1. Taking Ser100 as meeting all but one of (1) free of Cβ contacts under 8 Å to residues at least 12 places away in the same chain; (2) surrounded by 14 or more Cβ atoms within 10 Å (Cβ to Cβ); (3) within 21 Å of Phe181 (Cα to Cα), write down the number of the exception.
2. Across segment 16-45, what is the number of residues that are farther than 29 Å from Ala231 by Cα and open to solvent by less than 50 Å² (accessible area, probe 1.4 Å)?
3. Considering each of Asp259, Asp269, Asp288 in turn, give the residue that is touching a helix residue (DSSP H, G or I) at 6+ places or on another chain (Cβ under 9 Å) and modelled with pLDDT under 95.
4. Give me a count of the residues in segment 46-90 that are touching a helix residue (DSSP H, G or I) at 6+ places or on another chain (Cβ under 7 Å), free of Cβ contacts under 8 Å to residues at least 24 places away in the same chain and open to solvent by 60 Å² or more (accessible area, probe 1.4 Å).
5. When only residues in segment 111-131 that are within 11 Å of the ligand (Cβ to nearest atom) and polar (S, T, N, Q) count, which is modelled with the highest pLDDT?
6. Of all residues in segment 129-188, how many are surrounded by 22 or more Cβ atoms within 10 Å (Cβ to Cβ), touching a residue at least 60 places away in the same chain (Cβ under 8 Å) and either over 24 Å from Lys216 (Cβ atoms) or among the hydroxyl-bearing types (Ser, Thr, Tyr) (or both)?
7. Here's a check for you: in segment 132-163, which residue that is part of a loop (DSSP other than H, G, I, E, B), basic (Lys, Arg) and more than 16 Å from Gly110 (Cα to Cα) is farthest from the ligand (Cβ to nearest atom)?
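The values are calculated or read from the model by the stated rules, or taken from the named source; none is laboratory data. A quick note: this is a predicted structure, and the numbers were derived from the prediction, not measured. Cβ placement follows ideal geometry from the backbone for every residue including glycine, while neighbour counts extend to all protein chains displayed. Only protein heavy atoms, including side chains, enter the accessible area calculation; ligands, DNA and RNA are left aside. Shrake-Rupley method; radii C 1.70, N 1.55, O 1.52, S 1.80 Å.
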Amino acid sequence: MKIFDKFKNLGESLKKTKQELSGKISSIFSGGKIDGTDLDKIEEVLVLSDISYKTAGEIIEGVKKRVLKNKDLTEDVIKQALKEEIASKISVEFPEIKESGEKNIFIIAGVNGVGKTTTVGKLGKYYTDRGKKVIIAACDTFRAAGKEQIEIWGRRTGIEVVSGKENQDPASVAHDAVQKFKEKDYNLLLIDTAGRLHNKKHLMEELAKIKRVISKSSGKGPDETLIVIDAGLGQNSLVQVEQFKEIVDITGVIITKLDGSAKGGIIIDIIHKLNLPVRFIGTGETPDKISEFSPEIFTDNLF
Ligand code: GDP
């Protein structure tokens, strides 16, 4: 059996965040050791890497407690304390992602442009490579390009895609996909949804309807409802997650484009502030550039 690296490219994709964070902290130490007041400067650096003020404040308070008795506030001492403090904020025990059953259904939601369709394609390949038989429902029937894009991904990866006509009711595409999923020996159904958040009422009704259709046709609700966000949007992504949480029960977050962003600090807030698990990280544009998330690898690669 092939051995897969679940965390492939995760450390590498944090390079920009690390450069920003670690580089700026090092420059505070350019005169040698620091004193307590310099810790406020470090707090600013955390905020600049898109950690919220609240969380950054908590981290610095925690760092102060950890280094209180230490006379030599060297760069190494502070970075180690930061690492431990951040690790304590994100080492939350979440239940495992629900993919181990014979048949599982994931809804993938998110605002247009964040990398949702690409992520659905990557996830399809990720699970296919791990021996699952995957089927994709292309329920974003409002964008002809979206449908084409997912069909191309399907052809590239050999995954069956159920898609509808342009402007067809997305829930009816979900219905057709669930029927196929039930009748054949598929293990995982990935449902790509539309992401026009500017029309929130419509989006809300649409997602609720897709959920109803899944429950009715499959006899159970979706196993996971994952929201895709773009790391480059930093704190604005947090707002998107909160908006979707008002609409559906979000069970986890997928963060794309971490490779091109220095705003990896957002991950700390997703877990600590919103209390949601980060399930996957997009680490590039090609099909295998997806990684599961590991709090240990994350903190190890921040500094
Ligand atoms: P959607 O509108 O949310 O479905 O977005 P798309 O899937 O069409 O992706 C938008 C753009 O983001 C495309 O150019 C993708 O190649 C790019 N993209 C998606 N995920 C990643 C990622 O993890 N890293 C990078 N660098 N680009 C990505």
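1. Exception for Ser100: condition (2).
2. Residues that pass the stated criteria total 3.
3. Every option except Asp288 fails the conditions.
4. Of the residues in that region, 4 qualify.
5. Here the residue is Thr119.
6. Qualifying residue count for the region: 1.
7. Step by step, filter segment 132-163, then rank; the result is Lys133.
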